[in-house]
Amino acid sequence: MYPNQNQPQYPNDGNQQQPQYSIDYLNEISAKPQKTGMGNKFFFLIVAGGIFVALMVGLIMLMSSGNGPTQKMQTLAARLITLQEIAKDSQKKIKSGELRSTNSNLSIFLTNTNRDIVEPLEKNGVKVSKIDKTITAKEANEELIQRLEDARLNAIFDRTYAREMSYQLETTAALIKDIYGNTKSASLKTFLETTDSNLQPIKKQLGDFNATNS
């Protein structure tokens with residue numbers, strides 16, 4: 001007999017089994033490949049942003065390395081202006097000829113210093129005409145002005161003035177030293193050295209007068 005050709009043919013080995021695969025494996029091969037384009041772009045943006053921030057920080061540090069501290073330079077400029085105004089206004093109130101002579105020298109010193117400070121500060125990014133208003137208000141020193149007025153009314157102006165201005169010059173000298181130690185600007189260092197050198201004798205004269213008349 002011939003085999004029925006319409007009957008499907010099967011392998012002779014009835015014991016042969018189809019290969020078995022785990023469910024996880026089937027899930028893995030059936031999963032669609034993930035798109036990585038957006039992930040790469042996001043990673044690139046993070047890296048680029050980090051590099052940009054690092055460059056900006058480095059640039060700021062580089063620009064500021066040659067300058068003194070901006071806030072302290074503004075404070076010095078504002079203080080010198082206030083002291084000049086106080087010295088000028090006090091000249092006519094001083095009774096002692098010795099103190100009047102010292103104060104005259106102080107006025108000249110402050111006038112010249114306020115003139116000479118403009119250029120070195122501008123080279124270090126500070127314009128005397130554009131000092132922060134908060135610093136200007138603080139250095140206006142209304143309390144000192146009021147103490148001097150009270151001293152005038154109580155007929156103790158001379159010794160009070162000598163004591164107060166000696167203290168003001170002391171704090172100014174300390175500020176000058178602070179700025180000097182935190183700047184690499186040659187022009188600013190030269191100005192600070194000259195200013196401190198001219199300031200010290202006047203500070204001593206004020207201090208000596210106050211000690212004699214205490």
Segment 70-212, relative contact order [Cα under 8 Å, separation at least 6], % = 34
In the neighborhood of residue 175, defined by Cβ-to-Cβ distances under 12 Å, what is the net charge if each Lys or Arg adds +1 and each Asp or Glu adds -1?
-> -1
The pairs in 72/138; 177/204; 88/127; 92/177; 88/130; 72/189 lying past 20 Å Cα-Cα in this model are 88/127; 92/177; 88/130
May I ask you to evaluate 6.51 cos²θ - 1.76 cosθ + 1.60, the Karplus curve with θ = phi - 60°, for each residue of segment 176-187 and list the ³J(HN,Hα) values in order in whole Hz, giving x for glycine and proline?
-> 4, 4, 5, 5, 4, x, 10, 10, 10, 6, 5, 5
Taking square-rooted eigenvalues a ≥ b ≥ c of the alpha carbon gyration tensor, is segment 134-206 rounded, prolate or oblate, where a/c under 1.5 means rounded and, failing that, a/b exceeding b/c means prolate?
-> oblate
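Every read-out reported here was derived from the displayed coordinates using simple, explicitly stated rules and does not represent laboratory data. The shown structure was predicted, so the numbers you read here are calculated from the model rather than taken from an experiment. Neighbour counts are summed over all protein chains in view; Cβ atoms, including those assigned to glycine, are modelled from backbone coordinates with ideal geometry.
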